[in-house]
Each structure stands twice: as C-alpha cells, then as structure tokens.
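Below you'll find the structure, written out as structure tokens, and then a few comments.
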Amino acid sequence: MTTWQPSERALQRAAYRAGRRRRSFGVALLSTVVVAALAWWVLVTSPGWERARETFFDPAEFTDVLPGIAEGLWLNLRVWLIAGAVSLVLGLLLAIARTTTAPALFPLRAAVVGYVDIFRGVPVLLVLLLVGFGLPALRLPWLPNQAAFLGSLALVLTYSAYLSEIFRAGIESVHPSQVAAARALGLTRGQTTRRVVVPQAVRNVVPALLNMVVALQKDSGLISVLGAVDAIRVAEIAVTGSYNFTPYVAAGFLFLLVSVPLTRAVDAYNARRGWRGARGAAVGIR
Amino acid sequence: MSTRSTTAPPPSSSGSPLLRVSGLRKSFGDHVVLDDLDLEVAEHGCVVLIGASGSGKSTLLRAIDLLEEVDDGSIELRGVDLADPWVDADAARARMGMVFQAYNLFGHMSVLDNVTLAPRLVHGRDKREAEAAAVEMLTRVGLADKIRAYPDQLSGGQQQRAAIARALVNDPELLLLDEVTSALDPELVGEVLELLAELRREGMTMLIATHEMAFARDVADQVCFLHEGRVHESGTPAQVLGGPQRTRTREFLARLHA
Ligand SMILES: Nc1ncnc2c1ncn2[C@@H]1O[C@H](COP(=O)(O)OP(=O)(O)O)[C@@H](O)[C@H]1O
Ligand SMILES: [Mg+2]
C-alpha cells in the first residue's frame, strides 16, 4: 500500500473549503447577533417592558419559588413515566387486537375502533376534566380518587389511542411478502403476527413513538387542572394573590430543562438509526 | 460445494403423483390468470415452469402453497385436495417448502433465527435440536460462517441460500422455487443453481419457475410452458426446449435467445 500525498489540486480544494467555512461561520455569527439585538431592542423599547420585567422576570421571586416547583415537577415526571409505560403497552395491545380476524373477537375489534375514535377525537383537556370530575361522581369504592391517579388515567386513555394508531401504521408498513414467507413456513396467523409482523412494526415506528413520549412529558402538566400539586399547580398557588407571574416562567424553565435534553436525545437516537428529518443524510451534497 | 454421490431414488412413474393440480382457475378481478390448468409432479420429480413475465408462474406456485385462494379446481398433495377450505392450511403449508424471488428473509432475525423459527414453532423441535439442524443445513449451503449475521449483511446469493436452507430444514415433501435466481447478479446465479442441482440429485421433489434454460435442460424431467393461464406445451427438456411443437412456445424461446 502506498502512502497518500495529497496532490496540489487537493490542497487547493481543502484551502478553498476552509475559507468558505470561515466565511459561513462569520455570516452566521453576524446574522445571529443582528437578529438577537433587534429582538432585544423591540422587547426593551416596548411601552410595557418595565412592568413586564417586574411581573414575569423577578430574580428574587424566581429563586424563591424554584425549589417548590421542582418538587412539583417530580410528580409530573412520575406521572409521565407511569402513564407513558402503560400507554405504550396498551397502545400495542389495541393495535394487535385490531389485526385479529376470529369471528368471536368481533366485539373486541369493534370496541377498539370505538375507543380509538373517541379518545383521539376529544381534546385531552376535556378527557382530563371528564375523568377527573366524572369518575369520582360514580363513587366507586375501589377507584382511587387522587387527582394524580385520575390525571394519569386520562392521559393513558388519550395517549394509548394515539399510540395504537402509530403501532397500527407500523403493522401496515410491514411488507406482505414477510407475512407470505412466514405463512409458507406453516406459521399460524397469530404466530406470524407475534414473531414476524409486530417486531418489525415496532422497529419501524420507534421515532414516532419517541416523539409521542416526549409530548406526554409536557402534557403531564395538564393534571394540575384536577388539583394535583404538580409543577404548574405549585406555580399557580404562588402566583395567586401576588400577581407576580415569575413562578410560571420558573415552571416553564424547569419543563424545558427536561424536555430539551430529551428531545435532543431522541433526535440523536433517530439520526443514528438512519431516520432523518429534512436535513441530515443529504447534508454532504455540495 | 461438494458433489455428493447420493443415489437418487428413481422417479416413480407408477401410482398417483405427489402433486396433482387439475382444472385450476385463479383470477384477480376480471383478469383470469390461471384458467383450467392441469399439472402433475411425481415423487422425486423435477418440473420446471417457463413462460413470459406475467404468465402466472408465481400465482401458480403461490396457489399450490395455499398463499392465494383459488376460484376453482383441485390441488391434491398425496391425494388430499388442499383447495378444500376444511383442510388445515397451516399444516399443509408446513409440508411444503417455498423459496421466493426476493428471498423474503426476516430482516429482524439473524440467519440462524430465520432457519430455526419454523422448526421450533411449527414442528415442535426444542431449541438445541433446531439449532443443530439449522447449523448443519447452513453449513451445507455454505453459510457456516454467516450463522449470526443479519440478512442485510449478506450478498444476494448468500441471502437466497439462507432462504433455501430455511425451507429445507423442515424436510419438505415438495419444494417450490419461484425464480430464485432472477434477483441475483450473474456471478451469483451459479452458486444457487448448483445447490438446486445437488438437491435434485438427492431426489428432492421440486417445482421450479425459472428463466434459466440451460439449468432447466440439466435438471428438469419435465418442462411446462405456461401461456394464457394453461400449460400450453409440456414434455422433456429436449422436446420443449429442443424442438417445441407450438408457435407460442417457439416465439417465447426465440425471444429469450434474441
Ligand atoms: N395480487 C394481485 N392482484 C392483482 N393482480 C395480480 C396479483 N398478483 C398477480 N397478479 C397478476 O397476475 C398475472 C400473473 O402474475 P405472476 O403470477 O406474478 O406472473 P409471473 O410470475 O409468471 O411473472 C400478472 O398479470 C399480474 O399482474
Ligand atoms: Mg413471478
């Protein structure tokens, strides 16, 4: 093997590319500074800026309420993890139930279609209110009535419906030739679903599933409408009376602290398995 | 691949054939693909299906393997008509092996798992037994070093040999092969055809759709030319490929050589 000495031409190209990169960086930096400065100027010269800064960005208030809100956020995270796990399992079961063909299971299939139609079609806030205030009115002795439980239940109802549609799309994306190959080997319909279709279906929709899981992390904040003492409810209590809205900003800050790294991690994972957005794989094309 | 000197049992000319297809009709909507088709495959026999693209070769093989529901006619395997809806189709399919043009390996499973899936799930073998049989079969088709590989890490010829191993490991009574070399690069075709010729010498009963006329001449004891939904002309390779009697057959063969 010979060692490669870049040709004169290759060196010229490399120098040209380095020059273009420096230029691109300079342009990007300049445009960022200009846009940021402009935004800042619009903000601080707005007539209500002084008032707004006091009521939304009060540093003392911010540090004051942060620990309490963080404690509330812990409830959001637990609701997120539990509701997320339950929704994923339930969503998959719902999607599989829809693929069955046995006549005896017709009521099941019909029920699943109805379930998905209803919970996909009703705003999640409405589901929360109906479950949170409607179910306790039934006075079922075995039903826990904590707001966090009922809120999680409502989130599971909505999210399992959404997730089942994603799983169903995944099941439909598995090529029919895979089913033909499995059946040709003598596998039954059920064996084919479990061993061949579902594993490939799940693989195909992992990015879409992860995006829903990230969305659920934010929606976990909705349980506050039922009075569950989560990050948003803690902030709300702090705001009441003081008319200083800094606690809301603090809550938003904490949600971002979780959701931004999560989104980045999901994007990185998806990119690694070759699922890219509009930019990505084609970025190297001149 | 080594040429094994297994003495193949002679094709049985007496008694009923292993497979007898009669009066088979299959249509997709208004399009009649198979129309009153008759075909027989003797035990240890090798029948080659030829015909233009779209003449219904794949449809016929899929119908025999009960992957397509037919409109009419019978598909008798050892005298039992599989087209009857009360026959256990899963059990019938388990008795036949099918190899597809596009391999259709399970992409989420290693080669070993592809080959052990049916023995474990369908034929009730335990894991150790199934893996031993799979390793033996994969070694036989020259994939001993690819057992842990996934399908997308294999060349086309290797994938097709894995697919053949997946079908063979279940000891099928009848092997159905659908243009198994047409997706392969020319230099990979040979390795797959050589494997099939070896199976033939061992007495495997085969029904093969192919465009490889030289291969057909070597292995077939009967060649069937499919045209307009029927076996338009059939006979020994010498008869059909060497001296076709009917115009359509001659035209088809002439187009191939053109
Ligand atoms: N699932 C299907 N739906 C509709 N038409 C089909 C289907 N499968 C095959 N056909 C039609 O049946 C005819 C025979 O196809 P095929 O059996 O694949 O032919 P060959 O394998 O000989 O090329 C073709 O005209 C094809 O378009
Ligand atoms: Mg075909």
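The values are calculated or read from the model by the stated rules, or taken from the named source; none is laboratory data. None of these values were measured; they are calculated from a predicted model. Because the Cβ atoms are built from the backbone with ideal geometry, glycine has one as well, and the counts that use them run over all protein chains shown. SASA here: full protein model, heavy atoms, side chains in, ligands and nucleic acids out. Shrake-Rupley method; radii C 1.70, N 1.55, O 1.52, S 1.80 Å.
Does B:LEU143 satisfy being closer than 26 Å to B:LEU37 by Cα and more than 9 Å from chain A (Cβ to nearest Cβ)?
Here the answer is no, as B:LEU143 does not meet what is asked.
Among the residues that make up the range B:177-193, is at least one of them in contact with a Lys or Arg (Cβ under 6 Å, 6 or more places away or on another chain) and under 25 Å from B:GLY157 (Cβ atoms)?
no
Residue check, B:PHE28 against (1) open to solvent by 20 Å² or more (accessible area, probe 1.4 Å); (2) among the aromatic types (Phe, Trp, Tyr); (3) more than 16 Å from ligand 1 (Cβ to nearest atom), all met but one. Which one?
Exception for B:PHE28: condition (3).
Look at the range B:39-55 and say how many of its residues are away from ligand 1 (no atom under 16 Å from the Cβ) and open to solvent by less than 40 Å² (accessible area, probe 1.4 Å).
Summing the residues that are away from ligand 1 (no atom under 16 Å from the Cβ) and open to solvent by less than 40 Å² (accessible area, probe 1.4 Å) in the range B:39-55 gives 4.
From the list A:VAL179, A:VAL202, pick out the single residue that is under 22 Å from A:VAL116 (Cα atoms) and either modelled with pLDDT of 95 or more or facing chain B (nearest Cβ under 10 Å) (or both).
Going through A:VAL179, A:VAL202 in turn, the sole match is A:VAL202.
Quick check on the range B:122-145: of everything there that is open to solvent by 50 Å² or more (accessible area, probe 1.4 Å) and aliphatic (A, V, I, L, M), which residue is farthest from A:ARG189 (Cα to Cα)?
The extreme case among them is B:ALA144.
In the range B:146-161, how many residues are within 14 Å of another protein chain (Cβ to nearest Cβ), surrounded by fewer than 20 Cβ atoms within 10 Å (Cβ to Cβ) and either in contact with a strand residue (DSSP E or B) (Cβ under 6 Å, 6 or more places away or on another chain) or in a helix (DSSP H, G or I) (or both)?
1
Examine the range A:126-146 for a residue that is closer than 27 Å to A:LEU163 by Cβ, touching an Asp or Glu at 6+ places or on another chain (Cβ under 8 Å) and in a helix (DSSP H, G or I), and state whether such a residue exists.
no
Check the range B:191-207 and report whether any residue there is surrounded by fewer than 22 Cβ atoms within 10 Å (Cβ to Cβ), within 16 Å of ligand 2 (Cβ to nearest atom) and charged (D, E, K, R).
No, the conditions are met nowhere in the range B:191-207.
Would it be correct to say that A:VAL205 is under 29 Å from A:ARG264 (Cβ atoms), open to solvent by less than 30 Å² (accessible area, probe 1.4 Å), assigned to a helix (DSSP H, G or I) and free of Cβ contacts under 8 Å to residues at least 40 places away in the same chain?
Taking the combined requirement at face value, the residue satisfies it.
With the condition kept exactly as written, say whether any residue in the range B:38-58 is among the charged types (D, E, K, R) and over 28 Å from B:ALA238 (Cβ atoms).
no
Filter the range A:226-242 down to the residues that are open to solvent by 40 Å² or more (accessible area, probe 1.4 Å), under 24 Å from A:LEU153 (Cα atoms) and not in a helix (DSSP H, G or I) and list them by number.
Passing the criteria: only A:VAL229.
I'm checking my understanding of the structure. Among residues of the range B:59-113 that are hydroxyl-bearing (Ser, Thr, Tyr) and surrounded by fewer than 20 Cβ atoms within 10 Å (Cβ to Cβ), which one is nearest to ligand 1 (Cβ to nearest atom)?
B:SER74
I'd like the full set of residues that are surrounded by 14 or more Cβ atoms within 10 Å (Cβ to Cβ), hydroxyl-bearing (Ser, Thr, Tyr) and over 27 Å from A:VAL131 (Cβ atoms), limited to the range A:243-272.
The answer is A:THR246, A:THR263.
Considering only the range A:1-21, state which residues are under 48 Å from the mean Cα position of the chain (by Cα), assigned to a helix (DSSP H, G or I) and not aliphatic (A, V, I, L, M).
Scanning the range A:1-21 gives A:GLN12, A:ARG13, A:TYR16, A:ARG17, A:GLY19, A:ARG20, A:ARG21.
Are any residues in the range B:162-189 in a helix (DSSP H, G or I), away from ligand 2 (no atom under 16 Å from the Cβ) and modelled with pLDDT of 95 or more, and if so, which ones?
B:ALA162, B:ILE164, B:ALA165, B:ARG166, B:ALA167, B:LEU168
Of everything in the range B:178-215, what is away from chain A (no Cβ under 14 Å), within 15 Å of ligand 1 (Cβ to nearest atom) and of a type outside the set (S, T, N, Q)? Give them in sequence order.
B:ILE208, B:ALA209, B:HIS211, B:GLU212
Under the condition of being part of a helix (DSSP H, G or I) and among the β-branched types (Val, Ile, Thr), which residue from the range A:152-176 is nearest to the other protein chains (Cβ to nearest Cβ)?
The selected residue is A:ILE171.
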